[in-house]
1. Give the number of residues within region B:134-159 that are touching a residue at least 12 places away in the same chain (Cβ under 8 Å) and more than 7 Å from chain A (Cβ to nearest Cβ).
2. Any chance you could count how many residues in region A:16-46 are assigned to a loop (DSSP other than H, G, I, E, B) and more than 10 Å from chain B (Cβ to nearest Cβ)?
3. What tally of residues in region C:47-89 results from selecting those that are at positive phi, away from chain A (no Cβ under 14 Å) and either assigned to a loop (DSSP other than H, G, I, E, B) or hydroxyl-bearing (S, T, Y) (or both)?
4. What number of residues in region C:87-114 are closer than 25 Å to C:V54 by Cα and of a type in the set (A, V, I, L, M, F, W, C)?
5. Could we say that C:L103 is under 30 Å from A:F65 (Cβ atoms), within 14 Å of chain B (Cβ to nearest Cβ), of a type in the set (A, V, I, L, M, F, W, C) and touching a residue at least 12 places away in the same chain (Cβ under 8 Å) here?
6. Among the numbered conditions (1) touching a helix residue (DSSP H, G or I) at 6+ places or on another chain (Cβ under 9 Å); (2) within 30 Å of B:I68 (Cβ to Cβ), tell me where A:F65 comes up short.
7. When region C:129-152 is examined, which residues are found to be within 22 Å of C:I53 (Cβ to Cβ) and over 11 Å from the mean Cα position of the chain (by Cα)?
8. Being closer than 21 Å to A:E114 by Cβ and in contact with a strand residue (DSSP E or B) (Cβ under 8 Å, 6 or more places away or on another chain) is the filter here; which residues of region A:8-26 pass it?
Amino acid sequence: MTERKTTNIILFSGDYDKAMAAYIIANGAAAYDHDVTIFHTFWGLNALRKEEIVPVKKGLMERMFAKIMPRGADKMGLSNMNFLGIGPKMIKNVMKKHNAMPLPDLISMAQEQEVNLVACTMTMDLLGLQKEELLENVEYAGVAAYLADAENGHVNLFI
Amino acid sequence: MTERKTTNIILFSGDYDKAMAAYIIANGAAAYDHDVTIFHTFWGLNALRKEEIVPVKKGLMERMFAKIMPRGADKMGLSNMNFLGIGPKMIKNVMKKHNAMPLPDLISMAQEQEVNLVACTMTMDLLGLQKEELLENVEYAGVAAYLADAENGHVNLFI
Amino acid sequence: MTERKTTNIILFSGDYDKAMAAYIIANGAAAYDHDVTIFHTFWGLNALRKEEIVPVKKGLMERMFAKIMPRGADKMGLSNMNFLGIGPKMIKNVMKKHNAMPLPDLISMAQEQEVNLVACTMTMDLLGLQKEELLENVEYAGVAAYLADAENGHVNLFI
């Protein structure tokens with residue numbers, strides 16, 4: 001029996017293009033039968049937000065964060081050439097033309113391929129995000145769980 | 001016979017300073033007899049662009065991207081303290097004073113040391129970049145090739 | 001006897017939130033008995049700067065850099081939602097509320113846990129930073145030392 005290879009990606013960034021890169025690598029690795037985990041922390045948590053507003057109790061600061069941060073993958077900006085929001089539209093147009101999968105589809109595909117989508121509970125607390133606001137079938141863990149996976153991992157990336 | 005160590009860097013960023021870091025690590029690893037690959041994707045592809053304009057047929061969107069994105073390593077901005085383009089000049093002055101290699105020279109050195117410079121074909125498509133526009137001796141591949149290298153790699157970085 | 005696992009983090013970024021991520025992972029890995037190194041290069045060096053002004057001789061350019069760059073971990077900005085400096089205050093408020101450790105404390109904790117804090121001498125030269133300006137008990141090394149650690153490392157990250 002050969003051991004399965006593992007890919008562990010920390011998605012720290014909340015940029016559409018960086019999240020795309022993370023999910024393309026994750027889906028590729030899953031197709032190659034890797035055991036794949038994406039650990040979403042800080043701004044990367046926004047990729048897991050539901051698009052609709054979920055009524056949860058929040059303090060003032062948490063409500064502000066919730067408002068300012070993009071609600072879900074489709075709303076995220078670019079790391080480069082964002083141009084006040086025109087950049088993402090341009091990229092999405094080009095992607096459609098080339099039949100490239102948009103980010104929300106890449107995330108669904110990852111879920112179908114059983115990529116482990118993990119949300120970092122410590123930074124959820126900081127940004128005031130609650131489980132009800134994130135996608136279904138997301139796991140919740142902290143840095144200890146990340147390290148337990150990564151220390152035996154083959155492809156470890158911080159994106 | 002000992003197995004050669006391998007270093008696999010994904011260069012996603014189009015920033016001069018981050019690309020410098022990538023190429024300094026790559027050249028160092030090559031000097032240590034690692035098998036080294038830099039996989040250029042998204043904005044990192046700009047490091048491989050030729051400085052001169054290459055006449056190729058493009059659609060409107062592709063021509064726009066080609067115009068906005070930096071044409072080659074020497075034209076890239078900084079990730080920090082860019083100050084509308086003054087930052088890169090300051091850094092290049094300081095580098096000259098300290099006899100540090102500018103990025104285009106680091107790239108040539110990498111080619112001489114047989115670092116594999118790979119361009120991601122999927123993102124070339126998205127950004128409308130064609131092979132004629134990139135440096136000679138660049139390889140073309142996708143995420144599958146990256147993973148095949150990285151899963152046995154020793155130093156895997158996403159920059 | 002089992003071999004100790006190793007975690008090698010390159011901290012390139014000078015952002016408060018990214019440095020936090022680096023130090024949280026480092027402290028976690030040290031708690032799991034990893035041999036941990038954070039190699040500070042480029043803007044990441046700012047995390048190691050002393051808060052007070054240290055009188056050292058500098059050229060004009062070096063004095064400019066010294067002035068513009070944040071003097072120590074507490075002065076660093078956010079990679080996202082920085083809002084001209086309001087973002088870091090918001091984050092620090094939220095962190096206090098949740099009893100999360102601020103970055104300077106995370107750095108002290110790393111030193112107590114014997115995480116190796118390394119400053120990249122090549123980029124110190126470029127940015128005009130001198131040893132007297134950095135925290136005590138920092139090591140000084142270059143890319144060769146980084147690679148010697150990383151090529152046998154288990155968790156290698158570029159942040």
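The values are calculated or read from the model by the stated rules, or taken from the named source; none is laboratory data. Keep in mind that this is a model prediction, so the values were computed, not measured. Note: ideal-geometry Cβ built from the backbone for every residue, glycine included; neighbour counts use all protein chains shown.
1. First pass over region B:134-159, keeping only residues touching a residue at least 12 places away in the same chain (Cβ under 8 Å): B:134-135, B:137-143, B:145-146, B:149-150, B:152-159.
Imposing the further condition that a residue be more than 7 Å from chain A (Cβ to nearest Cβ) reduces the set to B:134-135, B:137-142, B:145-146, B:149, B:152-155, B:157, B:159.
Counting residues in region B:134-159 that are touching a residue at least 12 places away in the same chain (Cβ under 8 Å) and more than 7 Å from chain A (Cβ to nearest Cβ) gives 17.
2. Residues meeting the conditions: 2.
3. Qualifying residue count, region C:47-89: 1.
4. 5
5. no
6. Every condition holds for A:F65 apart from (2).
7. First, the residues of region C:129-152 that are within 22 Å of C:I53 (Cβ to Cβ): C:129-138, C:140.
If the condition is that a residue be within 22 Å of C:I53 (Cβ to Cβ) and over 11 Å from the mean Cα position of the chain (by Cα), then C:L129, C:Q130, C:K131, C:E132, C:E133, C:E136, C:N137, C:Y140 are the ones that fit.
8. Across region A:8-26, the qualifying residues are A:N8, A:I9, A:I10, A:L11, A:A19, A:A21, A:A22, A:Y23, A:I25, A:A26.
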